[in-house]
Amino acid sequence: MNASSGHDQVDNPVYLTYFNAPFALLMVFMLIMVFMYAQHANGRWVAKAFRSTHSILVAWAVDSGCTKHVVNDRSTLSDFETIDASLVIGDGKALAVTGRGTLRVQAYDTNKKQHTIIFKHVWYCPDLDVPLFSMRCWRKLGNTGAIFGDVNNRDCLRHGTTQYPIANRGDEYVWNISVQIPDDALACARVAVADRPPAAVSAIKLKPAAHSTWHLRLGHMATAAVLHTAQHQCVHGLVFLGNNDIDPNVPCDSCVAAGLKRTTRNRIKMSESLRSTAPMELIHIDGLTFAIFSFGCLYVYVFTCDFSRLRHCIGVARKSDFLMALQRFIQIYARKSGHTVNTIAINCIQTDGAGELADGATRRWCEANQIAIQLSAPGVPQENGIAEKSNEILKKMARTIQKAAAFPANFWLFSMNLAAHILMFSTPKIFGGKVTCYERMFGFKPDISHLRVPGCLVWYYNYQIKKLSFQDDRARKGVLLGYCHRPRSYLIYSWDTN
């Protein structure tokens with residue numbers, strides 16, 4: 001347990017020397033609110049937090065028997081990580097400890113000077129009634145201590161020559177502090193994910209799930225679309241448990257916040273929309289640029305098959321890497337194995353005329369492999385409408401998944417790939433609403449029993465164990481990020497190795 005004092009603030013508290021009626025009424029109202037948030041339970045005062053913009057006021061109960069500093073509010077901790085531990089309280093009851101992190105507090109000393117103190121490895125116990133301050137950890141810092149019940153001195157905590165006053169509330173002492181709320185997006189995302197119950201991920205098919213669970217597994221697909229897919233048996237493994245538990249009058253928060261809603265447009269006839277007669281004959285390509293890097297990628301290219309409407313995303317670091325992305329896409333989908341050589345099945349690609357998509361090395365490579373390049377007319381994005389629509393659908397679903405799963409902002413590449421994977425099992429209206437993109441592409445109905453809720457906590461097998469000892473864990477915890485193109489493989493983010 002480490003703690004250190006930060007830099008003292010230069011400005012001292014300012015005391016008003018004149019009477020301001022509105023300000024006085026505001027101060028009285030704040031005092032009443034603070035008093036109302038204090039409740040007496042089981043003979044002990046339990047102080048609840050009074051939230052402000054960047055910090056909250058907390059009454060930290062000083063405990064001489066506690067071995068760790070413990071809080072019951074996750075939002076106060078930064079650098080949060082999940083742990084499995086227990087806390088035994090005075091009545092012998094054991095409470096679960098689900099994580100730990102860094103706590104930044106601000107406190108006034110006896111001279112009314114404010115100090116910033118950082119406590120590391122503070123435990124988080126959600127079932128704890130009141131946060132506990134450990135005197136054992138405080139004394140381990142060295143040159144620290146406490147003064148209790150001395151008639152000549154005020155009750156206080158001592159750190160060197162600095163003394164922090166504490167209040168005596170009946171049978172316990174309380175240290176009134178101000179806790180800073182961390183603004184780190186990654187820390188907030190880890191806190192949000194860590195509270196989710198673990199769910200085992202394996203190749204074994206799960207039992208039937210509720211309608212709301214399938215709504216999450218299918219990337220927040222519209223409820224009507226999920227019911228339509230199950231009713232027409234477009235996929236295997238989509239089995240509901242009980243009646244529909246989704247209220248149509250109460251929309252999903254993530255769907256509303258991310259803007260995933262139906263947009264009206266003029267219906268396009270199939271004869272005008274489909275320009276191919278077989279899978280991979282015509283590929284629509286367009287690129288997207290993001291503001292931050294995602295595991296070395298700043299751009300993503302979306303490949304859409306005209307015949308099946310199957311979509312695939314490939315991230316690159318520079319636009320000049322598009323040819324590598326095209327070759328990677330062909331390696332995954334568009335090669336037919338012959339007796340001696342592999343032949344490329346793509347006949348034509350449709351782009352908007354961007355330089356990296358139609359000129360230079362890309363044009364030379366396409367000419368060498370007999371792939372035609374069609375360019376949309378300048379200023380007429382409707383001619384590349386399939387690619388533009390694919391981008392819009394992918395971004396909306398990826399944004400919804402990212403918000404619901406509490407992924408950090410730099411995880412956008414995983415969200416885009418996850419959305420593209422889920423959309424393979426959708427049933428576009430252009431195919432009559434009864435055929436999935438996957439079946440249109442590969443010729444048979446897909447099995448979606450492998451789908452899980454994005455962002456859920458999972459157990460995965462520890463392949464690095466190497467059977468070193470009998471005590472080594474065979475499984476570790478992680479966060480589900482998506483699905484790998486390898487058979488029966490998941491993409492899991494490990495908290496241990498990041």
Legend entry - Under 5 Å, built H, 5+ apart or other chain: amide partners of GLY482: LEU491
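Can you sort HIS312, HIS220 from fewest to most other Cβ atoms within 10 Å of each residue's own Cβ?
By the 10 Å Cβ count, ascending: HIS312, HIS220.
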Inset, instruction - Give the long-range amide H neighbours of MET280: residues separated by 5 or more places, or on another chain, with amide H under 5 Å away, using H modelled in the peptide plane at 1.01 Å from N. - result: ASP306, PHE307, SER308
Inset, instruction - Give me the aspartates and glutamates in straight-line cross-link reach of LYS68: C-alpha distance below 18 Å, same-chain residues under 8 apart excluded. - result: ASP79, GLU81, ASP84, ASP91, ASP127, ASP129, GLU172
Legend entry - For the range 301-313, Karplus couplings with θ = phi - 60° (6.51, -1.76, 1.60), whole Hz, Gly/Pro x: 10, 9, 9, 10, 6, 5, 7, 9, 6, 6, 10, 8, 10
Legend entry - Hz values of 3J(HN,Hα) by residue in the range 66-77 - Karplus curve (6.51, -1.76, 1.60), Gly and Pro given as x: 6, 8, 9, 5, 10, 10, 10, 10, 5, 5, 7, 9
Inset, instruction - Enumerate the amide H contacts of SER55 below 5 Å, restricted to partners 5 or more residues apart or on another chain; note that Pro and chain-start residues carry no placed amide H. - result: ILE181
Inset, instruction - Using the Karplus curve 6.51 cos²θ - 1.76 cosθ + 1.60 with θ = phi - 60°, work out ³J(HN,Hα) for each residue of the range 212-220 in order, rounded to whole Hz, and write x for Gly and Pro. - result: 5, 5, 5, 4, 6, 4, 8, x, 6
Legend entry - Cross-link pairs LYS403/LYS429; LYS395/LYS429; LYS389/LYS434; LYS120/LYS403 - those with Cα-Cα distance over 23 Å: LYS403/LYS429; LYS120/LYS403
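Each value in this text was obtained by applying a stated rule to the coordinates, not by laboratory testing. The structure displayed is predicted, hence computed values, not measured ones. Methodologically, a virtual Cβ is constructed for each residue, glycine included, from the backbone with ideal geometry; neighbour enumeration extends over all protein chains shown.
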